[in-house]
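Structure record follows, encoded as structure tokens.
The values are calculated or read from the model by the stated rules, or taken from the named source; none is laboratory data. From a predicted model like this one, the values you see are computed outputs, not experimental measurements. Every residue, glycine as well, gets a Cβ built from its backbone with ideal geometry; the counts of neighbours run over all protein chains shown.
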Amino acid sequence: MPTDVYSSPLSERYASKEMQYIFSQDKKFTTWRKLWIALAETEMELGLSRDGKPVIDSEMIDEMRSHVDDINYDVAKAREKEVRHDVMSHVYAYGVQCPKAAGIIHLGATSCYVGDNTDIIVMSEALKLVRKKLVCVIDELASFAEQYKSLPTLAFTHFQPAQPTTVGKRATLWTQEFVMDLEDLEYVLGTLKLLGSKGTTGTQASFLELFNGDQETIDKIDPMIAKKMGFEECYPVSGQTYSRKVDTRVCNVLAGIAASAHKMSNDIRLLQHLKEVEEPFEKSQIGSSAMAYKRNPMRSERIASLSRYVMIDALNPAITSATQWFERTLDDSANKRLSIPEAFLAIDGVLDLCLNVVDGLVVNEKVIAKRLMSELPFMATENIMMDAVKAGGNRQELHEKIRQLSMEAGNNVKKLGLDNNLLELIAEEPCFGMDLEDLKAAMEPAKYVGRAPLQVDKFIASVIKPIRDSHKEMLGAKAEINV
């Protein structure tokens, strides 16, 4: 890697080799060549002829097939310097390698035939890789949730102590958002179509000329190309390009995943501050250049950082889609070259980080129990009050007494730095009719988590198991973090 020019950190630090290949030059230009073959084959199979003789024969097709992968980049680059047109430069370079077929390469097509169809193919493959990693994140999180479904922990609303939940139930909240993202992804992936070959303004006028106005034959072109390239169909109408709204939908899916990952990473960072749950920390990892004792949640912070990039990047295709003029303008091109690949490279890095973090989450059960027990007396007061009422007490009087004692205990904790002594204060009040041992017996955390463990079981059975069953070939992926 040259050290005297800019290189993208998405490639160097964050994205996997697999995702980088999908957006590589090799993938792009070999796909161009496959599309040119699909077009030529289709024209040959539909009987394209001139003066009664076939325009394209199998020898030309075979010649084109033999040079799909050995792209002569040097020839294309030199030609582009001369003609300032990337597609025509590669048409020329392909023709240099395929002299018999040179005259029929790109016949009837416009640049968007290879450019836009390749973009759809590449986005489709990239979405499949994202889906695989997303499924694995969901699977790992569900396993974590199941393992800790019954471990009580202090829940928070407004980051203030609230009724207890369990560590596993909290993990299902993260998982559910990723499940929603998977549903969105599969919908968008399932609706992707090729542009096909529709010409300069989408009217297929060039094919009307090539096939002498034979409408029935022209109707077969797009379906045949789609099938050859592994798609069900092409968009029924277009200008020169497929609608840029397609890019918007794709990037919105990625932004949704980013939002879910960001939310989870924020929670983990807060939990690590509380020393309750921590991301993995390697033996020789350095947390701070100055403070040697620190264990910064750097992976979760990186998830948040890259996720913000993806969420903001989703504005690019939305604005591009909104500002296209009529049948096409070219102000999408430079933006698409950046925004689409970088969204995928960044979300790829995010999902690898999520896999790595979830796979190695450390749960500090004693810290969790200590914090919960320090707050539980406040949360147990309603049960204590109900028991006292059942023993003959006055509900309103007991409520006011508990309010006063809670304020006193809270003041001891916050102003004096003492332990929570609410139970001791209640035990001293005859109106409750309970001694300290009775009150401490009521402090069993599992009594206060509601249906959390059962909710985890039901969630895994009804939501996660169907995902695992239908995507079993994708499960088990592990992530390697570059830095």
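A few points about this structure:
- First in the stretch 430-444 and over 16 Å from Leu398 (Cβ atoms), second anywhere and small (Gly, Ala, Ser) and in a helix (DSSP H, G or I), Cβ under 6 Å, 6 or more apart: Asp435/Ala427; Leu436/Ala427
- On the stretch given as the stretch 68-107, residues that are modelled with pLDDT under 95 and either closer than 26 Å to Ser49 by Cβ or assigned to a loop (DSSP other than H, G, I, E, B) (or both) total 2.
- Residue satisfying condition, being in contact (Cβ under 8 Å) with a residue 40 or more places away in the chain and more than 30 Å from the chain's Cα centre (by Cα), within set Thr175, Thr201: Thr201
- Filtered residues of the stretch 397-441 (kept if among the small types (Gly, Ala, Ser), exposed (fewer than 12 other Cβ atoms within 10 Å of the Cβ) and assigned to a helix (DSSP H, G or I)): Ala441
- The set of residues in the stretch 92-114 being buried (at least 20 other Cβ atoms within 10 Å of the Cβ), within 39 Å of the chain's Cα centre (by Cα) and in contact (Cβ under 8 Å) with a residue 24 or more places away in the chain consists of Tyr94, Ile105, His106, Gly108, Ala109, Thr110, Cys112, Tyr113, Val114.
- All of (1) touching a residue at least 24 places away in the same chain (Cβ under 8 Å); (2) of a type in the set (A, V, I, L, M, F, W, C); (3) farther than 19 Å from Asn266 by Cβ hold for Leu353 with one exception: (3).
- With respect to the conditions (1) in contact with a strand residue (DSSP E or B) (Cβ under 8 Å, 6 or more places away or on another chain); (2) surrounded by 14 or more Cβ atoms within 10 Å (Cβ to Cβ), Gly47 falls short on a single one, namely (2).
- Residue in the stretch 375-390 that is farther than 30 Å from Tyr242 by Cα, in a helix (DSSP H, G or I) and basic (Lys, Arg) present: yes
- Residue in the stretch 160-171 that is within 30 Å of Ala479 (Cα to Cα), within 31 Å of the chain's Cα centre (by Cα) and without any contact (Cβ under 8 Å) to a residue 12 or more places away in the chain present: no
- Any hit, the stretch 208-222, residues being farther than 21 Å from Leu46 by Cα, of a type in the set (Asp, Glu) and buried (at least 16 other Cβ atoms within 10 Å of the Cβ): no
- When residues of the stretch 175-200 are limited to those that are of a type in the set (S, T, N, Q) and modelled with pLDDT of 95 or more, the one farthest from Tyr148 (Cα to Cα): Ser197
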